[in-house]
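See structure below.
Nothing in this text is a laboratory measurement; each read-out follows from the coordinates by a stated rule. On a predicted model such as this, the values are computed, not experimentally measured, just so you know. Because the Cβ atoms are built from the backbone with ideal geometry, glycine has one as well, and the counts that use them run over all protein chains shown.
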Amino acid sequence: MAVKNKKLNLKDKYQYLTRDMAWEPSYQKKEDIFPDEQFEGIKITDWSQWEDPFRLTMDAYWKYQAEKEKKLYAIFDAFAQNNGHQNISDARYVNALKLFLTGVSPLEHAAYQGYAKVGRQFSGAGARVACQMQAIDELRHSQTQQHAMSHYNKHFNGLHDAAYMHDRVWFLSVPKSFFDDARSAGPFEFLTAISFSFEYVLTNLLFVPFMSGAAYNGDMATVTFGFSAQSDEARHMTLGLEVIKFILEQHEDNVPIVQRWIDKWFWRGFRLLSLVSMMMDYMLPNKVMSWAEAWEVYYEQNGGALFKDLERYGIRPPKYQDVANDAKHHLSHQLWTTFYQYSQATNFHTWIPEKEEMDWMSEKYPETFDKYYRPRYEYLAKEAAAGRRFYNNTLPQLCQVCQVPTLFTEMGAPTKLSHRQLVHEGERYHFCSEACCDLFKDEPEKYVQAWLPVHQIYQGNCEGADVETVVQKYYHINIGEDNFEYVGSPDHKHWLSIKGQKPADQSKDAA
Amino acid sequence: MSQLVFIAFQDNDNARYMVEAIQEDNPEAEVQHQPAMIRIQAEKRLVINRETMEEKLGRDWDVQEMLIDVISIGGNVDEDDDHFILEWK
Ligand SMILES: [Fe+2]
Ligand SMILES: [Fe+2]
Ligand SMILES: [Zn+2]
């Protein structure tokens, strides 16, 4: 009887190429090889219980990734060759990319470093392989984002020095400190923070509705890198869920530790995503879905299903989720009005939303927009029309933990500023919320070291004490090009000339 | 409380067949079209079968090929040579 050369099935193939490539150490102690595996208090009794739902082997990984890259770069080429930037909905949109390139792409690189590091720290082979693949993915995300946006950098301001800005500019300390907090934690906390809380629970809000919005605004390059990166994310998310289930199943003592991490990282991620709320509602000229709607689908609905599933392990939904759910009606408006006031110190422009946009917001935020936020824009528009475009010259009070200015309001009291403070070893610290204050109390040794941009300016560590010097010399923001109001900016004028229109002020001169 | 699983993929040529296959095997699933993407959600469980996909495509199809077009998922994953399942148990 002829024996047909039997093809290995997925499970066997994965087993041979992953687990069987690992070995038990014989002349070194396991604790010496993996010294960081225990100090967080997580108890792992049997690494062989680790499940990898995707069972991707290295050969298949390269094959699929190569295919993704080929598709992606074909589109980048087409976009650049056809001057795709001329076909976007409006140049205001590009400001979202400026925030993305300085705020998000460096996090992809930080994720690469983080996964490369923890990929060395687990004694389980399955976890190591998953982390190593993810490290390569994240490096790819950082690189493809920079490649995609290099085309915009040729035509618009504010995109010229993203990595440098990420390490220095005041609002970019929000994303930077988020990832530094995660990367300076132990390996299990890192995975709970990034793989689970961030990637599984929260990043959909950035990479799904925002990228869909990019497509709706004619940005073929961004939607393509966004979705190409996101195709890796399905694997990352699965890793995130697997990690949590694995840790929880290993030992009941792990449950309270993981719960504390989930509470912490849900809140840290939520604060970070407040930047995305403003990108969605204000920086996409053609609107797809409001932040509140996206939050309902991707957190309340999908997150709800997830936390219901985790109930059986004794895990409850994140401690501060009620505050986050309530904030969906306010978040984007509070952020945008703040950035509007501080545009002198950002690498992107801000503006007053147009009339149709404000009407859209009234419709999407029926309880809050007309009551609390529209009047502010009407006032600011009047000031601008009278030649007094408002810039706030007082540097903001930053939260010691999330590093966002203390701009949020109390839950259920939208005109009451949310602020907490406490004295720790003789120093007074300020917080944006009860949640951030609690996080500080849990780990004061960590958060007293926060590099707070405003404090640093006042301490004289940023090349000067006045905003102009800091912005120009320390941030590398080109004054009069990258910053200030959008209307009348070089980007705006450039856009009008692309569209064959003259800037309003010039046509006035001609008349 | 309802407990939805979901999958989202790029709205491209491959997706057409994927949607057809999913609709055939999950008649209860809800298909949502959004700019550049398609999102499909279902109560508790959603399955993609290799056999159905191969029928739609008229060629061999490896379950892992979906990794190229998928954007996001929600639910526990169970993947083998014949199917890709998302579920909340
Ligand atoms: Fe990434
Ligand atoms: Fe990722
Ligand atoms: Zn805070």
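What FRET efficiency comes out for the pair A:ASN83/B:VAL31, r = Cβ-Cβ distance, R0 = 30 Å, nearest 0.05? Present the calculation step by step, with values, prior to reporting the outcome.
Numbers: r = 35 Å, r/R0 = 1.16.
According to the calculation, E is roughly 0.30.
Under the Kirkwood approximation applied to all pairs of distinct alpha-carbon atoms, what is the hydrodynamic radius of the stretch A:377-511 in Å?
On the way: mean 1/r = 0.0542 Å⁻¹.
Averaging 1/r across every pair of different Cα atoms and inverting gives 18.4 Å.
Taking the alpha-carbon centroid of each part, what is the distance from the stretch A:67-103 to the stretch B:29-89 in angstrom?
Here the two parts' Cα centres lie 28 Å apart.
Using Cα centres only, tell me the gap between the stretch A:396-458 and the stretch A:225-246 in whole Å.
So the separation of the two Cα centres works out to 31 Å.
How would you order A:267-277, B:31-41 from highest to lowest mean count of nearby Cβ atoms within 10 Å?
Numbers: A:267-277: 24.4, B:31-41: 18.1.
Top to bottom by mean Cβ count within 10 Å: A:267-277, B:31-41.
Quote the FRET efficiency, to the nearest 0.05, computed for A:TRP23 versus A:ASP326 with a Förster distance R0 of 41 Å and r equal to the Cβ-Cβ distance. Don't jump to the answer; show the numbers that get you there.
Working: r = 52 Å, r/R0 = 1.27.
The calculated FRET efficiency here is 0.20.
Within 10 Å of each Cβ in A:224-235, how many Cβ atoms from other chains are there, averaged over the peptide? Intermediate results must be reported in sequence, preceding the final value.
Numbers: counts 2, 0, 2, 11, 3, 1, 7, 9, 2, 4, 11, 4.
The mean count of partner-chain Cβ atoms within 10 Å per residue comes to 5.
Relative to the present Cα-Cα distance, how much length would full extension add between A:LYS308 and A:ALA66 at 0.36 nm per residue of separation?
Numbers: separation 242, 0.36 × 242 = 87.12 nm, distance 3.73 nm.
Length gained, A:LYS308 through A:ALA66: 83.4 nm.
With bins 10 Å wide starting at 0, give me the P(r) of the protein assembly as shown over every alpha carbon pair, in whole percents.
Spelled out bin by bin, the protein assembly as shown gives 3, 16, 27, 27, 17, 7, 2, 1, 0, 0 percent.
Report the one residue of A:GLY119, A:GLN230, A:ASN393 whose Cα lies farthest in the direction of the positive end of the charge dipole of the protein assembly as shown (charges on C-beta: Lys and Arg +1, Asp and Glu -1; origin at the Cα centre).
Toward the positive end, the furthest listed residue is A:ASN393.
How many nm separate the modelled label positions at A:LYS416 and A:GLN38, each set 7 Å beyond the Cα in the direction of the Cβ?
Going from the A:LYS416 label point to the A:GLN38 one covers 4.9 nm.
Please report, in debye to the nearest 20, how large the charge dipole of the protein assembly as shown is about its Cα centre when each Lys and Arg carries +1 at its beta carbon and each Asp and Glu carries -1 there. Don't jump to the answer; show the numbers that get you there.
On the way: 62 positive and 88 negative charges, 229 e Å.
Around 1100 debye, computed over the protein assembly as shown.
Mind checking which lysines have their Cα closer than 18 Å to the Cα of A:LYS364? Skip sequence neighbours fewer than 8 apart in that chain.
A:LYS364 reaches A:LYS287, A:LYS328, A:LYS355.
Relative contact order, percent, of chain B when contacts are C-alpha pairs under 8 Å separated by at least 6 residues?
On the way: 167 pairs, mean separation 33.4, N = 89.
So the answer I get is 38 percent.
As a test of the formula, what do you get for chain B when each DSSP H run with n ≥ 4 contributes -39,500 (n - 2.57) and the sum is divided by the residue count, at 222 nm and rounded to the nearest 500 deg cm²/dmol? It would help to have the intermediate numbers written out before the result.
On the way: 2 runs with 21 residues, N = 89.
Value at 222 nm, helices only: -7000 deg cm²/dmol.
Express in whole angstrom the spacing between the alpha-carbon centres of the stretch A:329-357 and the stretch B:1-24.
About 36 Å separates the Cα centre of the stretch A:329-357 from the one of the stretch B:1-24.
Could you work out how far apart the two model spin labels at A:LYS382 and A:LYS502 are, taking each label as a point 7 Å from the Cα in the direction of the beta carbon, and quote it in nm?
Placing both labels 7 Å beyond Cα along the Cβ direction yields 3.3 nm.
In whole Å and largest first, what semi-axes does the C-alpha gyration tensor of the stretch A:209-270 yield when each eigenvalue is scaled by 5 and square-rooted?
On the way: eigenvalues 232, 40, 6 Å².
So the equivalent ellipsoid measures 34, 14, 6 Å along its semi-axes.
Please express the shape of chain B as an equivalent ellipsoid: the semi-axes are the square roots of 5 times the eigenvalues of the C-alpha gyration tensor, given largest first in whole angstrom. Show your work: numbers first, answer last.
Working: eigenvalues 70, 47, 27 Å².
Over the Cα atoms of chain B, the ellipsoid semi-axes are 19, 15, 12 Å.
For the pair A:ASN393 and A:GLU300, what calculated FRET efficiency results from E = 1/(1 + (r/R0)^6), where r is the Cβ-Cβ distance and R0 = 25 Å, to the nearest 0.05? It would help to have the intermediate numbers written out before the result.
Details: r = 39 Å, r/R0 = 1.56.
Calculated transfer efficiency: 0.05.
Can you tell me the orientation of helix A:94-103 relative to chain A, as the angle in degrees between its alpha-carbon axis and the longest Cα principal axis, to the nearest 10?
40 degrees
Averaged across the residues of B:78-84, what count of C-beta atoms belonging to other chains lies within 10 Å of each residue's C-beta? Numbers along the way, then the final one.
Numbers: counts 2, 8, 5, 7, 2, 0, 2.
Taking all residues of B:78-84 together, the mean is 4.
Quick one: A:THR57, A:THR102, fewest Cβ neighbours within 10 Å first, how do they rank?
Numbers: A:THR57 20, A:THR102 25.
Starting with the residue having the fewest Cβ neighbours, the order is A:THR57, A:THR102.
Sort A:255-263, B:77-85 by packing, meaning the average of other beta carbons within 10 Å per residue, with the highest value first. Mind dumping the intermediate values first?
Details: A:255-263: 18.7, B:77-85: 17.0.
The packing order, highest mean first, is A:255-263, B:77-85.
Angle between the Cα long axis of helix A:58-81 and the longest principal axis of chain A, 0 to 90 degrees, nearest 10?
Its long axis makes an angle of about 20 degrees.
Can you list the GluC sites (Glu not before Pro) in the stretch A:365-394 that are in a DSSP coil and have 13 or fewer other beta carbons within 10 angstrom? Let's see the in-between values first.
Numbers: sites: A:GLU367, A:GLU378, A:GLU383; in loops: A:GLU367.
Sites meeting the loop and neighbour criteria: A:GLU367.
For chain A, what's the relative contact order in percent, using C-alpha pairs closer than 8 Å and at least 6 residues apart? It would help to have the intermediate numbers written out before the result.
Details: 640 pairs, mean separation 82.1, N = 511.
Relative contact order here is 16 percent.
Taking only DSSP H segments of four or more residues, each worth -39500 (n - 2.57), what value at 222 nm results for chain A once the sum is divided by all its residues, to the nearest 500 deg cm²/dmol? Don't skip to the end; give the middle numbers.
Numbers: 23 runs with 264 residues, N = 511.
Roughly -16000 deg cm²/dmol at 222 nm, from the helical runs in chain A.
Hey, what angle do you get for helix A:355-364 against the long axis of chain A, alpha-carbon based, 0 to 90 degrees rounded to 10?
40 degrees
Report the extension gain between A:GLU367 and A:LEU8 in nm, rounded to one decimal, defined as 0.36 nm multiplied by the number of residues separating them, less their alpha carbon distance.
Working: separation 359, 0.36 × 359 = 129.24 nm, distance 5.85 nm.
So the extension gain works out to 123.4 nm.
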